[in-house]
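The values are calculated or read from the model by the stated rules, or taken from the named source; none is laboratory data. All values reported here derive from a predicted model rather than from experimental measurement. Glycine also receives a Cβ, built like all others from the backbone with ideal geometry; neighbour counts cover every protein chain displayed. We work out accessible area using only protein heavy atoms, side chains counted, and drop any ligands, DNA or RNA first. Shrake-Rupley method; radii C 1.70, N 1.55, O 1.52, S 1.80 Å.
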Amino acid sequence: MGILFTYLIAFAQLKSPSDFFPHQWGEHFTPHHWQVDYFEHVAANSNYVKLQQFGLTNEKRPMILAIVSTPENLARIDDIRQNNLRRSGMLEGQPTDENIAIVWLGFSVHGNEAAGAEAAPQVLYELVDPNNAATKEWLKNTIVLMEPTINPDGNTRYTDWYRRYANVINDPYPSAYEHLEPWPGGRVNHYLFDLNRDWAWQTQVESQQRLKVYHDWMPHVAADLHEQGYNEPYYFAPAAQPFHKYITQFQRDFQVDIGKNHAKYFDDQGWLYFTKEVFDLLYPSYGDTYPTYNGAVGMTYEQGGSGRAGRGIINETGDTLTLLDRVMHHKTTALSTVEISSKNARRLVDNFNDFFAKSRNAQIGEYKTFVIKGSNVPHRLKALCNLLDKNRIQYGKAGKAGQLRGFDYQTGKETSVKVDANDLIISAYQSKSVLAQILFEPETALVDSL
């Protein structure tokens, strides 16, 4: 009884975002340091959350990850994580048969697409709220990894500007100053770089630190929550063409399953949405494609709004789109993602296993080996090796000279190629086979001439 009493007291101290912040959830924008304070508050008052600070931005703001699941799962969280890495072949050893889905939720990689960051605290609260029986059931076989703001510096640039210059009472007319964010805006990071183009290249400190953590987990599902123009309805999976040809049928099919689950909630509320338009799955360095090429079901969600929308704006149909509307939509798709992943944990785990088994046996793609001549400029070879290391792509030296037939990038033809002992060899027989082939293939196949 004493243990139960302590447990109830701890949860009694847990506050919702509306109780914790000096404004109601969805009423105003929340500075990044308040977001961090709230995540720390939840971690201190719930045994469903572990909090990890994994880095600092250029402006020294903390980058944090909330690891959310049942207390039983969190008690052995590192075993679960390592077992998943064994499935991918990125950690030695034989994995045990474990039916636990791993879901990554990333909010507001573009800092002025702030509805994602504003939705994150409520998503966290609903996952751990002791009165929410549904989320507790989902967490029994699901690990949720939440990054509240992927771009803290850009998000701070936007929210600080908005809070400084907006009227006390929201002015919804698009011509009002609070809807005219000045250059450079909050979309980009400190160095004005778009972090949603940097997952593969990892030129920025935020990406470098994030991808270390991502590779420590290798999620099964990854959702990247964005915003688009304020006149657009909500977008969610399935994505538009082109899909890269290496994306598996399961990854395509599960996008449809996730979209149907979202649509159920949107239809119930009468919320507008669209799918299969605009947002494709091809370029390898987005927050949806990079996870996809690493065995996950990766997706972009796009809410209408962005930096123009503020706390409320009149759109072209004459309706007022409010910040509360935007965060409600993002909260719904984030929780729906966790739900459908929990209900399909077995399918996700089995197909994750299959993805990497085929990768290690080079069953995907036309090319089995890529050869980079050792006679290239040394600093360029070093830079290439550094990029491969960041992406956990294995490589080595040829070790001895030889002759083989292969595709020559210089001539665009198949020819006889001399391999020297010092040449760099990247084999397709490895866990990162799909990503390696996508980065090195000579030509990307598209579904049509456009």
Item to complete: Per residue of the stretch 280-291, in order, report the coupling 6.51 cos²θ - 1.76 cosθ + 1.60 (Karplus, θ = phi - 60°) as ³J(HN,Hα) in whole Hz, putting x for Gly and Pro.
Response: 9, 10, 9, 4, x, 10, 8, x, 9, 6, 4, x
Discussion item. Quick check: pseudo-label points 7 Å beyond the Cα along Cα→Cβ at GLN269 and ALA357, how many nm apart are they?
Written reply: 4.0
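At a Förster distance of 25 Å, what's the computed FRET efficiency of ALA398 paired with PHE54, Cβ-Cβ distance as r, to 0.05?
Once rounded, the FRET efficiency stands at 0.10.
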Worksheet item: Hey, if you drop one equal point scatterer on each alpha-carbon of the stretch 176-309 and run the Debye formula without solvent, what base-10 log of I(q)/I(0) do you get at q = 0.14 Å⁻¹?
Response: -0.72
Worksheet item: Taking the chain as a Gaussian network, where each spring joins two C-alpha atoms under 10 Å apart, which residue of ALA357, ALA43, ALA401 fluctuates the most?
Response: ALA401
Item to complete: Any chance you could run the full-extension gain for VAL377 through ILE364? It's 0.36 nm times the residue separation minus the Cα-Cα distance, nm to one decimal.
Response: 1.6 nm
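Rounded to the nearest whole Å², what accessible area per residue is found for the stretch 207-356 with the 1.4 Å probe?
Details: 4910 Å² over 150 residues.
With the other protein chains kept in place, the stretch 207-356 gives 33 Å² per residue.
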Practice prompt. Would you be so kind as to identify which of ASN231, ALA43, THR292 lies farthest towards the positive end of the dipole of the chain, taking Lys and Arg as +1 and Asp and Glu as -1 on Cβ and the Cα centre as origin?
Written response: THR292
Response to the item:
Highest GNM mean-square fluctuation among LEU91, LEU74, LEU348, for the chain with Cα springs under 10 Å, belongs to LEU91
Practice prompt. Specify the angular offset, from 0 to 90 degrees and rounded to the nearest 10, of the alpha carbon long axis of helix 249-269 from the longest principal axis of the alpha carbons in the chain.
Written response: 10
Fill in: Length gained when the stretch PHE407-GLN82 is fully extended (0.36 nm per residue, less Cα-Cα span)
113.2 nm
Discussion item. Need one number: nm distance between label points at ARG164 and ASP319, each 7 Å from Cα along Cα→Cβ, rounded to one decimal.
Written reply: 3.4
Item to complete: Can you pull the one-decimal nm distance between simple spin-label points at TRP183 and ARG252, each 7 Å off the Cα toward Cβ?
Response: 4.3
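What is the extension gain from ASP194 to HIS23, computed as 0.36 nm multiplied by their sequence separation minus the C-alpha to C-alpha distance, in nm to one decimal?
Details: separation 171, 0.36 × 171 = 61.56 nm, distance 3.00 nm.
The ASP194-HIS23 span can extend by a further 58.6 nm.
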Worksheet item: Round to a whole number: what % of the accessible area of the stretch 203-287 belongs to carbon and sulfur, probe 1.4 Å?
Response: 48
Discussion item. Would the stretch 66-155 count as rounded, prolate or oblate if I go by the C-alpha gyration tensor, calling it rounded below 1.5 in a/c and otherwise prolate when a/b exceeds b/c, oblate otherwise?
Written reply: oblate
Worksheet item: Top mean-square fluctuation among ASP280, ASP354, ASP79, Gaussian network model of the chain, C-alpha springs under 10 Å?
Response: ASP79
Worksheet item: Protein chains only, probe 1.4 Å: how do ASP267, ASP288, ASP97, ASP37 rank by accessible area, largest first?
Response: ASP97, ASP267, ASP37, ASP288
Item to complete: Could you compute the FRET efficiency for GLU72 and LYS418, with r as their C-beta to C-beta distance and R0 at 51 Å, rounded to 0.05?
Response: 0.30
